[in-house]
1. Can you pull out every residue in segment A:162-217 that is over 30 Å from A:Thr258 (Cα atoms), aromatic (Phe, Trp, Tyr) and surrounded by fewer than 16 Cβ atoms within 10 Å (Cβ to Cβ)?
2. When the residues of segment B:84-107 are narrowed to those that are under 23 Å from the mean Cα position of the chain (by Cα) and at the interface with chain A (Cβ under 7 Å from one of its Cβ atoms), which ends up surrounded by the fewest Cβ atoms within 10 Å (Cβ to Cβ)?
3. Evaluate the following for A:Arg87: is it more than 8 Å from chain B (Cβ to nearest Cβ), in a loop (DSSP other than H, G, I, E, B) and surrounded by 17 or more Cβ atoms within 10 Å (Cβ to Cβ)?
4. Those residues that are more than 22 Å from the chain's Cα centre (by Cα) and either surrounded by 21 or more Cβ atoms within 10 Å (Cβ to Cβ) or in a helix (DSSP H, G or I) (or both), I need them from segment A:125-154; list them, please.
5. State all residues of segment B:196-211 that are more than 10 Å from every other protein chain (Cβ to nearest Cβ) and either under 15 Å from B:Ala65 (Cα atoms) or not in a helix (DSSP H, G or I) (or both); if no residue qualifies, say none.
6. B:Arg262 versus (1) more than 9 Å from chain A (Cβ to nearest Cβ); (2) assigned to a helix (DSSP H, G or I); (3) in contact (Cβ under 8 Å) with a residue 24 or more places away in the chain; (4) farther than 26 Å from B:Thr136 by Cα: which is the lone unmet condition?
7. Only one of (1) more than 7 Å from chain B (Cβ to nearest Cβ); (2) of a type outside the set (Asp, Glu); (3) crowded, with 24+ Cβ neighbours inside 10 Å; (4) over 21 Å from the mean Cα position of the chain (by Cα) is not met by A:Phe269, so which one is it?
8. Is it the case that segment B:187-195 has a residue that's in contact with a Phe, Trp or Tyr (Cβ under 9 Å, 6 or more places away or on another chain) and more than 10 Å from chain A (Cβ to nearest Cβ)?
Amino acid sequence: MAFAAFSSTTPSSTTDPIVRRRSPVALFLLLPGILYLVLFFLTPLVSLLLTSFQAPREFGDIGQFDYAFRWQNYVEVVTTYWPHIVRSFSYALTATFFALLISYPLAYFIGVKARKWPLLQSLMLVLVIAPFFISFLLRTLAWKQLFSDESFVVQSLKALSLLGPEAHVTGTAFSVIFGLTYNFIPFMTLPLYTTLERLDVRYLEAGSDLYASPFHVFRKVTIPLSMPGIVAGTLLTFIPAAGDYINASRDFLGGTGTQMMGNVIEANFLVLQNFPAAAALSIILMTVILVIVSIYVKRSGTEELL
Amino acid sequence: MRLSLGKWLLPVYSGLALLFLMIPIGYTFLYSFNDSQKSNITWQGFTLDKWFNVCNVQNGAVCQAFGNSLFIGAVATVLATTLGTMIAIAIVRYRFKFRSQTSLLLFLPMATPEVVLGAGLAAQFLSVGVPKDMLTIILAHTMFCISFVVVTVKARVASLDPALEEAGRDLYGSAAQVFARITFPLLLPGILAAALLSFALSFDDFIITNFNSGAVSTFPKYIYISAARGIPAEANVLASAVFIIAIIVVVTVQVSGAAKARRLAKLS
């Protein structure tokens with residue numbers, strides 16, 4: 001449901017009517033919330049950073065660590081978990097690409113073509129956000145069951161020899177990427193819709209009046225004008241997808257060969273009680289994402305989105 | 001012929017894409033009527049039993065988890081909506097130092113993967129020695145909801161016509177009266193939208209909860225844990241019920257919003 005964060009980021013065109021004042025009231029309004037975020041968002045990140053350098057306590061039990069500067073933790077997690085790190089980002093990237101491919105035409109239809117029928121438009125929007133109202137885990141499990149070896153889908157694929165007799169769908173990279181793509185389509189569609197809904201079709205008409213082919217108009221006019229939506233949608237998909245561990249979990253759509261960073265962070269933190277390893281992996285995940293996001297936002301020229 | 005094909009391609013595609021989105025929802029709904037025993041994987045026949053005896057399975061573990069989720073969602077929503085609305089008003093209406101730092105602090109939680117938020121909080125609770133229970137879940141949920149409340153309410157504050165409040169002041173309304181009688185009622189739709197969003201985010205959150213819940217069960221956590229050995233149909237019943245209620249709320253809001261817009265259009 002994070003779409004709200006990005007759909008309203010475009011500055012409202014009405015010029016700021018209020019002369020902003022300095023006032024102690026501002027402090028009173030800001031302080032509680034800001035303190036809360038400092039205490040429960042910023043400090044935890046610092047804790048995480050400190051934890052990532054912790055060393056095992058001498059003669060201590062499992063799960064007992066002391067503050068230290070053990071930078072080797074990072075070397076160890078990268079050498080142990082590099083396949084998971086690569087997988088996280090490649091799966092997330094692939095899923096983001098497919099989600100964009102699937103969502104763009106849908107968002108274009110709702111936002112541009114369906115303008116003539118407001119009722120249809122709002123009905124379609126309700127359907128786009130409908131998945132948010134039913135548990136994310138149950139939806140993912142539904143796909144697992146639909147793709148299980150005994151399911152109608154898999155049996156028919158096997159009957160048509162499109163799938164080998166010994167092949168499985170669940171537990172493969174395909175099913176994990178499929179799950180990620182499915183789960184993030186609404187996150188992609190909504191920001192795309194909000195920019196396309198404001199697209200002035202006269203620009204498109206102007207393009208074709210100047211003898212541009214429909215493809216050319218789309219590439220040179222529609223895409224650049226919908227860039228804020230594309231950036232917001234891809235970020236809203238890529239960031240959570242890279243950290244997701246439900247789809248890749250063995251009880252859901254993944255298998256032993258599809259584990260992502262989220263899975264090993266969870267396992268290290270909650271099962272193995274190797275807190276420094278989990279923390280180091282989290283810091284790596286967050287750093288890579290921040291680097292990718294800042295390069296991406298700079299290159300696509302949509303800094304004002306943030 | 002070619003033209004009509006091109007004309008129908010996009011609507012047909014969109015219909016299919018929406019259908020694709022609905023498949024797992026339909027599946028979950030359908031299997032809430034499955035006359036299954038322990039695991040709800042193969043179709044055993046239609047029954048309404050699960051809908052009428054939701055809490056009978058496993059001594060009501062599903063309902064216990066569901067109740068916890070409702071409680072956590074409600075408390076976190078009240079906290080996050082209050083804190084977030086205050087910040088939103090301050091950001092739009094006042095000048096203050098560290099403005100860009102404040103925006104960054106509000107943006108970052110939305111750009112941080114949930115595993116990192118969850119592991120970070122858990123690492124903090126661990127180092128301070130706070131035991132994980134209901135309270136830690138509520139603290140975590142409030143944290144990630146605040147930013148979403150701020151963006152949602154901010155848009156509403158920005159679109160507020162300041163002339164209305166000026167009129168209130170001109171008529172000798174005190175600051176408190178102007179806020180209570182003018183500002184707050186005008187902001188209410190935005191605040192309600194933000195509250196609904198918070199509740200939905202909290203209610204469906206699994207990843208952050210999993211790191212900070214200790215032994216406390218929530219509805220998503222219950223599903224995650226039972227996924228290995230099969231989820232009882234009762235979980236489908238509860239999820240479907242929530243889905244139906246949410247859809248009714250959304251459609252009502254949309255329809256009443258449209259009706260209101262028509263009335264306003266008639267007036268002017």
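1. A:Tyr203, A:Tyr211, A:Phe215, listed by residue number.
2. Checked segment B:84-107; the qualifying residue surrounded by the fewest Cβ atoms within 10 Å (Cβ to Cβ) is B:Phe107.
3. No.
4. Residues satisfying the conditions are A:Gln145, A:Leu146, A:Phe147, A:Phe152, A:Val153, A:Val154.
5. B:Ser202, B:Thr209
6. (3)
7. Failed condition: (1).
8. yes
The values are calculated or read from the model by the stated rules, or taken from the named source; none is laboratory data. Nothing here was measured: the structure is a model prediction, and the numbers come from that model. For neighbour counting, all protein chains shown are included, and Cβ atoms are generated from backbone atoms with ideal geometry for every residue, glycine included.
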